[in-house]
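Here the structure comes first, spelled out in structure tokens, and everything after it is commentary.
Derivation of every value follows stated rules applied to the coordinates shown; laboratory data play no part. Everything quoted here is computed from the prediction, not taken from an experiment. Glycine gets a Cβ as well: all are built from the backbone with ideal geometry, and neighbour counts include every protein chain shown.
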Amino acid sequence: MPGKLKAKIVAGRHLPVMDRASDLTDAFVEVKFGNTTFKTDVFPKSLNPQWNSEWFKFEVDDEDLQDEPLQITVLDHDTYSANDAIGKVYIDIDPLLCTEAASVISGWFPIYDTIHGIRGEINVLVKVELFNDLNRFRQSSCGVKFFCTTSIPRGYRAAMVHGFVEELVVNEDPEYQWIDRIRTPRASNEARQRLISLMSGELQRKIGLKVLEMGGNAVVGYLQCFDLEGESGLVVRAIGTACTLEKHSSGSLVNTHTHPNTAPASNACNSPSKDGKESPLAHGCRSTHNSPVHSACSSQRLSQNFSVSVPTLIFTGMGSGGSAGKEAGPLKTLLRQQTQTALEQREFPFFTLTSFPPSFLVHVGGVVSARSVKLLDRIHNPALGNTRSYKLLDWNSVTADEPETRDAWWEELRQEIKSHAKALGCHAVVGYSENTSICEEVCILSASGTAAILNPRYMREGCLDIGSTDQRFDDPSPPSCGFCHIPYDELNMPFPAQLTYCYNCRRQKVPDVLFTTINLPAEAAVTGKGCLIQARLCRLKKKAQGEVNATAISNLLPFMEYELHTQLMNKLKLRSMNALFGLHIQISVGENMLLGLASATGVYLTALPAPGGIQIAGKASGDLNNEQHVQSIQKRINDTIAKNKELYQINPPELTEEGVGSPIPEPRHRSRLFRSHSESSDEVSELDLSHGKKDAFVLEIDDTDAVEDIHSLLTDASPPTGFYTCNTETMPGIYNWTTAVQMFTSVRVLRLSNANLSNQSLNKIFTDLCENLLKSFYFKLRSNIPCCLCHLNFTVAVPEEELIQVSVTAVAMTFDKDQNQEGFITKGGNETEEQLQFPLELCADSSSTNAQPSSKFSGVPENTIVSSRAASVDYGSFADRCSTWLELLRLKANTIRRGSVKTISSLEHCSPLTEGRPRSLRSSRSFGGSSVTMVKMTPLSFLPGTRIIKFLGIINMFFIRETTSLREEGGVSGFLHTFIAEVFAMVRAHVAALGGNAVVSYSMKDCVLMENPNKNQAQCLINVSGDAVICVRETDQEPMTSMTNIGQTCAADGAT
Amino acid sequence: MAVELDVFVGNTTIMDEEVYQLWLDGYTVNDAVKVRMAGGVLDECEANQDVLLSDTMDQYRTFQMCERLLQSPAKLANQLLFQIPPHRQTMLIERYYAFDDVFVREVLGKKLSKGTKKDLDDISAKTGVTLKSCRRQFDNFKRVFKVVEELKGPLVENIRQHFLLSDKLARDYAAIVFFANNRFETGKKKLQYLTFQDFAFCAGQLINNWTVGAVDNMVEDMDVDLDKEFLQELKELKILITDKDLLDQHKSLVCTALRGKTKAFAEMEANFKNLSRGLVNIATKLTNTKDVRDFFIDLVEKFIEPCRSDRWTPADIKLYLTHYTNSAHILDSFKHQAVWDRYMGVIKSCIYKMYHD
């Protein structure tokens, strides 16, 4: 009996009128957990009942605590007939199970009904008392922290990154059970919501167990998805990266002191002070330097650290020698071996992270992806006899069949990804994500990531300090370009690529273009600004069934990938850029078409050669007209390139040609995609995606595809003045964000009216749809100018024949234009730090509907090196930590002064974290009832101008909304508008009840809309997730400024 | 090919003030788009008509969803559905409860009933205010009326607290409620020249001086109903015109004081008895509900029109009324000084306010 859950129902407000006669309601509440139900008294004749109930106590296993939500139902008492339900609140208890997260849930929750939406609010208090469980065979994994954030969460450091964790659970979809024919839509929706809540709880618990097995204590980059497979069931699956995280204590504050000393030096490459960089590997070695606090922080893992032993010692010695450059050769091999062994022990060396601690990422190889098309089997359900209607069917024991099939499918895909990475000379895949697209019984599974070589330190058993760099291993390549260097052997390249010497350090080879799924590393040297680049594609297919259909789809996929890739490449060239970050390719399947959408953020990496232009070639025939046409198009293209260069401020430093053996970049491009798409059986085919052997980027316009390409090239409008766009976390070159943040979700559905559309016209429609959405955003957000739309995450779906649905979630972040220059200096420190600690995030989460059946690599770099680390990082985080501390002191002082009355009312402020105190603060807030806490939401891992002082737990919510009065609710738009607003409201309420004031890494992973206007009905499912946090305004910076300045200057040096 | 669905939802609810005004003014989405295009908003952001249409639809939907909350503004502050910063909430409420003077002029003093609501299309046609906007304004009046009807305490304060309105707007609503409750006649042709603000001012005077609340501030309807006792006492003033001596004495005192101070002296002297009879008669008849309704028309007919035809200036009016009021205090046999002051104080400021073209 390891836990006691206590709940108290305080009051309700704004309840709906349930009794027409009196215009009032006789409300009471049922509180249910597991099989136990308690009831409050009826509070007669009021729309604002005050129940003030006793504490309802549930004595439960912690396993149940993890799986089950607390279910609160508000009802209207009726003497003569059955009581009417007003609505429900599901509260996820998980955040309370973690000692470091929230300690109490208290606040107003919207009462939600799947038919009527939000109907009033209820004030609830929930607490958990956990007893220590000594049972080593326990099934629960309480205490493992989950983060949606795809980087090391702010305020923590990764002692160790254990690696990939995955799990999936399968169940029958209640909507497709026979009982659904006789129960009400409400009952069916509620059964579904509850089931999914149970399944995600179970999934999270199981993943937690795996993490504990690996010796970790947290999962970052936790990505959970639902596959609504219709009759064949419901799959909930999740992937994540297991880590051992340590909280930055006040001790680490001192710790950061070491960095300012050492980091700038490291920045200057190979300087002797490198040794100042700790040896975080083993505590035994720690003595080499100045940070006594290190060991304190990591002592908990002491027992494991000794396994690292020998190499650590050797390297420590060498590092202090200071001539890392010379040692690089042998070290490199050693490093490789080490890393490889470390990683090879793992089945899948995958990481869902998209931003990394400095020096984590050594080299990046390129994008690897794999897709496969599967037929969903109709399952014979052996569990039908099971009467526990709400309990999860234990598929693993009942039918080993189902989940294993799904598991096997993914396993297959992951193997493929792994082998692709290997072919690129990489031993790991970062920025890894998986998703599916389902249409009837066909399912496309996709996995993609970025092949990379990682610094082994983080992988081994041993304590690694994320905040510091391990320079001893480093090759001499500076951090600003190291990751671009090719990881594979120059003489044995996996595909033909154009290599040149790095334009930054001149020492190593780099590819001519680089595609990745990760965020732009904070220390990367970038010229100018970046922008969102999208490739969009529609392909018609014949309607078919079963295997014929699956075959048709898998035949189409390679062509789609090829075309998307070509489009991306062309658009990249047109913007005069040479690298893509955050690449996310989604292929969505419908009955009669396939939609492909590739989004990425293009940038000009200083280390890579300048991209060549695009050349147009006409037919060989010397037709004069034709030639003129060709020339005019060529001119337009050249003009556009020139315009874009100016727009994105791409003025690469004129290349000093005398540079060591750096060849003049050729205006050619070759890339190649390896793809293998598999149906049930895996035939692996390889495709050469470079444009043959001809000089790439010659577009022949007698070819219809090329005409289309050119057309789509030239129709993409650049954002209006004052706007920047990207799908990564931040935009290079913008530093001085203000605190103004506007997160939004937009959904558009287009009905294709005429049935006989060609591929071309369909493409145009799809492209226009995306472009118009962007235009709408610019217009709506014009008051935020100058601003950047960050983390633009597009999701496409084909909900029905002839319908195209695009959903976008993004955040508009305003920046201070006037201070552009200055800001770089004064605020740069924060910014850099921000990026480093939760570095940019890719659309890795965009999981949803998507699928991919083949794999590809693009771009290339070379091996060698652990990048050394930009100095600014350390300064930044130092400043940050100091100010956190100051802030805390300040807050403490405030609180003492004001007593418990305090409500630091302003939006950014919230109760600081110290235990004990927040409770009174919070309760004063929630009962005051006067006004509602503002809760900010962002898909990014940070909020500009604020500091996250506490992570309160993961938010993972699933809602269904249905209506049978679609017209009355304003049509589908009105219906969905209300629903999205309600979802936001419920997320905010939960965060506020946890004591938080913001959600970071927010994402809407599913938005499935089904409508039937003729029947006046619609149904929608939405799944959202994020991390609830407390953040405070970034103040008290003054004492730090000088420090930050130095840091920034160094960073700037390093970057150019 | 048609857009089947198009929504945009911000975590912080995005509301454009201009579109809000168009919505309040009852423009249809298409008309609003036209107005916005004419306003040149397109140039701002390289937008096109589709973008504008989509934006306008979104905002209209948002406003419609908010309307329920705006009808009980206190809810807006602690609802959870929309995240709206407090200063925006204030703006939304204030604008929602704002009304057109031309419209309010039409319904002022009318019973806020279904019957009146049926006439709204005529009013809409007459004033040029869209029917939708008329309905909103009318419903606002009715809602405020209903709520304050049952409350104790000062009218203006009640309105302000329940509807979170600014002081100015709360006063205007108090006037509307007061007029609706007492059914003052304001629609007659002779009263057409008076603006809503004129009436609102007068209402303020009446509320502050003639209601029960002026003496006792904890009774129900204290600010809505006139003080019956006071109205009864007004009958005593009749002596000023029925007693011939008193009337002559009063006239001579006033004329002495006025002589040489105004060009209109001759007219004042000639009209004194008529005017005085007019004012005192109004006072004595106020016990009849019917005559209360005609209060303003009586003021115009019995006092303002005669003065206007004699071309008195506003200064003349002020001068005359001041001395007319003060002189009564010197009359030995006139014992009702307090009632007289309470009556004339209001009459004086009302007439002064109403005396214009």
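Ignore the peptide's own chain and count Cβ atoms of other chains within 10 Å of each Cβ in A:766-779; give me the average, rounded.
4
With the cut-off at 1.5 for a/c, could you classify region B:101-187 from its C-alpha gyration tensor as rounded, prolate or oblate?
prolate
Could you put A:LYS950, B:LYS302, A:LYS543 in order, starting from the residue whose Cβ has the fewest other Cβ atoms within 10 Å?
Ordered by Cβ neighbours within 10 Å, fewest first: A:LYS543, B:LYS302, A:LYS950.
Most exposed first by the Cβ proxy, i.e. fewest other Cβ within 10 Å, how do B:THR130, A:THR978 rank?
Least crowded to most crowded, the residues run B:THR130, A:THR978.
Using label points projected 7 Å from each Cα along Cα→Cβ, tell me how many nm separate B:ASP100 and A:GLU213, to one decimal.
Label at B:ASP100, label at A:GLU213, 7.3 nm between them.
Please list, or write none, the lysines whose alpha carbon is within less than 28 Å of the alpha carbon of B:LYS238, excluding same-chain residues fewer than 8 places away.
Partners within reach: B:LYS188, B:LYS190, B:LYS228, B:LYS251, B:LYS273, B:LYS285, B:LYS290, B:LYS302, B:LYS318, B:LYS335, B:LYS348, B:LYS353.
Order these by the 10 Å Cβ neighbour count, fewest first: A:SER1025, A:SER151.
Placing the least packed residue first, the sequence is A:SER1025, A:SER151.
For an R0 of 25 angstrom, estimate the FRET efficiency from the Cβ-Cβ distance between A:VAL17 and A:ASP41 and round to the nearest 0.05.
Numbers: r = 20 Å, r/R0 = 0.81.
Plugging the Cβ-Cβ distance into 1/(1 + (r/R0)^6) gives 0.80.
Is there a simple number for the mean count of other chain Cβ atoms within 10 Å of the Cβ of residues in A:740-749, and what is it?
The per-residue average across the peptide is 5.
If packing is taken as the mean number of other Cβ atoms within 10 Å per residue, what is the order of A:191-200, B:73-82, A:523-532, A:637-646, highest first? The partial results should precede the final answer.
Details: A:191-200: 21.5, B:73-82: 19.3, A:523-532: 24.9, A:637-646: 15.8.
Order by mean packing, descending: A:523-532, A:191-200, B:73-82, A:637-646.
Rounded to the nearest whole Å³, what is the per residue volume of the convex hull around the Cα atoms of region B:17-97? Let's see the in-between values first.
Working: hull volume 7.9 nm³, N = 81.
Given the Cα convex hull of region B:17-97, per-residue volume reads 98 Å³.
5 Å is the cut-off here: which amide hydrogens, built 1.01 Å from N in the peptide plane, fall below it relative to A:LEU47, excluding neighbours closer than 5 in sequence?
The answer is A:THR25.
Over all distinct alpha-carbon pairs, what is the Kirkwood Rh of region B:228-354 in angstrom?
Values: mean 1/r = 0.0682 Å⁻¹.
Over region B:228-354, the inverse of the mean reciprocal pair distance is 14.7 Å.
Pairing the Cα long axis of helix B:244-258 with the longest principal axis of chain B, what angle in degrees results, from 0 to 90 and rounded to the nearest 10?
Result, in degrees: 70.
On a full-extension model of 0.36 nm per residue, what is the gain between A:ARG181 and A:LEU714, subtracting their alpha-carbon distance, rounded to one decimal in nm?
Gain in length upon complete extension: 186.6 nm.
Once you put a point 7 Å from the Cα of B:THR242 and another 7 Å from the Cα of A:GLN631, both along the Cβ direction, what distance in nm separates them?
Result for the modelled spin labels: 11.1 nm.
Where in region A:776-802 is the amide nitrogen less than 18 Å from a point lying 7 Å along the Cα-to-Cβ axis of A:THR738?
A:778-790
Taking the mean number of other Cβ atoms within 10 Å as a proxy for protection, how do you rank B:335-344, A:991-1000 from highest to lowest?
Output ranking for B:335-344, A:991-1000: A:991-1000, B:335-344.
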